[in-house]
Amino acid sequence: MLRIYDVALKALEEMRPAVAAIESRDRDLARQMRRAASSVVLNIAEGSGSSGGTRRERYRNALGSAREVVACIDVARAWGYANMDSGALREVIGTLVNITR
C-alpha cells in the first residue's frame, strides 16, 4: 500500500470537524465533500491492489477526487462556512500526479 494512503486517511480524519461545520450551513456541499474524500482513500486502496492500466486509472480517479475535495474546501472558505488547511491533500495530489504520469 502506498504511504500516501495513510496521509489521505489522516487528512480525511482531520476534515471531520470542518465537514460537520459545513453540513450545518450547506448539507449538499458537505455530502459532496464527504463522498469525494472517501473516494480518494478508496481509490488509492483499490489501485494498490491492481496492476497496469487499472492501477493508473484508480490513481487518476483518486487524483480527481482529491482535487474535488480541495475545491470543496475553497468553496466552504469562500462562503465563510469553515476554514481549514488543505496541505495534506495537496501532498496527496502531488504524489498522485507523479505516479499517474
Checklist entry - Assuming residue 91 fulfils every condition listed in (1) closer than 16 Å to residue 2 by Cβ; (2) of a type in the set (Asp, Glu); (3) without any contact (Cβ under 8 Å) to a residue 40 or more places away in the chain apart from one, which condition is it? => result (3)
Next on the checklist: One residue is enough: does region 8-19 have a residue meeting the conditions farther than 22 Å from residue 87 by Cβ, surrounded by fewer than 16 Cβ atoms within 10 Å (Cβ to Cβ) and not acidic (Asp, Glu)?
Outcome noted: no
Checklist entry - So residue 81 fits all but one of (1) surrounded by 15 or more Cβ atoms within 10 Å (Cβ to Cβ); (2) of a type outside the set (Lys, Arg); (3) in a helix (DSSP H, G or I); what number is the exception? => result (3)
Next on the checklist: One residue is enough: does region 29-46 have a residue meeting the conditions modelled with pLDDT of 95 or more and not in a helix (DSSP H, G or I)?
Outcome noted: no
Checklist outcome for this item: Log entry, pairs with first residue in region 57-79 being over 13 Å from residue 32 (Cα atoms), second being aliphatic (A, V, I, L, M) and modelled with pLDDT under 95, beta carbons closer than 6 Å, six or more apart or on different chains, reads 59/99
Item to check | residue 53 being assigned to a helix (DSSP H, G or I) and loosely packed, with under 14 Cβ neighbours inside 10 Å | outcome: yes
Next on the checklist: Looking at the structure I just gave you, is residue 27 surrounded by fewer than 18 Cβ atoms within 10 Å (Cβ to Cβ) and of a type in the set (Lys, Arg)?
Outcome noted: yes
Item to check | Residues satisfying the stated conditions in region 30-46, i.e. aliphatic (A, V, I, L, M) and open to solvent by 50 Å² or more (accessible area, probe 1.4 Å) | outcome: 42
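The values are calculated or read from the model by the stated rules, or taken from the named source; none is laboratory data. Being a predicted model, the structure only gives us computed values, none of them experimental. In this analysis, Cβ positions are derived from the backbone assuming ideal geometry, glycine residues included, and neighbour counts consider all displayed protein chains. Each accessible area value is taken on the protein alone, full model and side chains, heavy atoms only, with ligands, DNA and RNA left out. Shrake-Rupley method; radii C 1.70, N 1.55, O 1.52, S 1.80 Å.
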